[in-house]
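Asks: Got a structure for you, questions after.
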Amino acid sequence: MNGTIKIIGAHDHGTGKPEIVKHEQKAFCEFDGSNYIITYSDNNEEEDSASGISTHRLEIGEGYLRMAQTGAVTSDLLFRLGETWDTDYQTPYGLMKMTAITRNLMMELSKKKITAHVQYELQLDGEKLSDSKVRISFIPDMTD
């Protein structure tokens, strides 16, 4: 089903002023019998011109949220309450090791709206990068 994805995040890098991220755009969602899979692409002018399109895949299931991105930056984050996820973070500047430690995870799954809230600590190459909060909402188009 087609719809709109809204992502709002706050990333506290320890500077006293969190970085706020807001993103809204059209997306597609399918239910595979146990998980919701939301996909969308965007054209980010800040990325290098050769691969300015990023593809995003969000998977929301019972007790977990997975966020994957491919493009100039490639990442794959998995959030489960109380778990640590180690992954590679590929950028135009090279490969870095990323760790996400899930602190809180809540989801609301219904046919009218899919919402996930996650709080996590993000580490890059073993050093704390941020304490983050992200809220993802997918609202289906009423015409579908």
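Quick note: the coordinates plus some simple rules give every number you see, no bench work behind them. Please read all numbers here as calculations on a predicted model, not as lab measurements. Neighbour counts are summed over all protein chains in view; Cβ atoms, including those assigned to glycine, are modelled from backbone coordinates with ideal geometry.
Asks: From the list (1) 20; (2) 39; (3) 36, can you say which value of percent of Cα pairs over 27 Å apart was derived from the structure given?
Replies: (1)
Asks: Using 0.36 nm per residue, how much length does the chain from Arg135 to Arg57 gain when fully extended, once their Cα-Cα distance is taken away?
Replies: Computed gain between Arg135 and Arg57 is 26.6 nm.
Asks: Dipole magnitude of the stretch 58-110 about its Cα centre, charges +1 at Lys/Arg Cβ and -1 at Asp/Glu Cβ only, in debye to the nearest 20?
Replies: Here the stretch 58-110 has a charge dipole of around 160 debye.
Asks: Which is the longest run of the chain containing none of the trypsin sites (Lys or Arg not before Pro) found in DSSP loop states (not H, G, I, E, B) with at most 11 other C-beta atoms within 10 Å?
Replies: No qualifying site falls inside 1-110, the longest such stretch.
Asks: Where does the longest stretch of the chain lie that holds no GluC sites (Glu not before Pro) found in a DSSP loop with 15 or fewer other Cβ atoms within 10 Å?
Replies: Longest gap between qualifying sites, sites excluded: 84-144.
Asks: Taking H placed 1.01 Å from N in the peptide plane, check which residues at least 5 places from Glu83 or on another chain put their amide H under 5 Å from its amide H.
Replies: Thr102
Asks: Springs between alpha-carbon pairs under 10 angstrom, Gaussian network model over the chain: which of Ile101, Ile60, Ile20 fluctuates most?
Replies: Its mean-square fluctuation being the largest, the pick is Ile20.
Asks: How much FRET efficiency would the formula 1/(1 + (r/R0)^6) give for Lys17 and Met106, where r is the Cβ-Cβ distance and R0 is 30 Å, rounded to 0.05?
Replies: According to the calculation, E is roughly 0.70.
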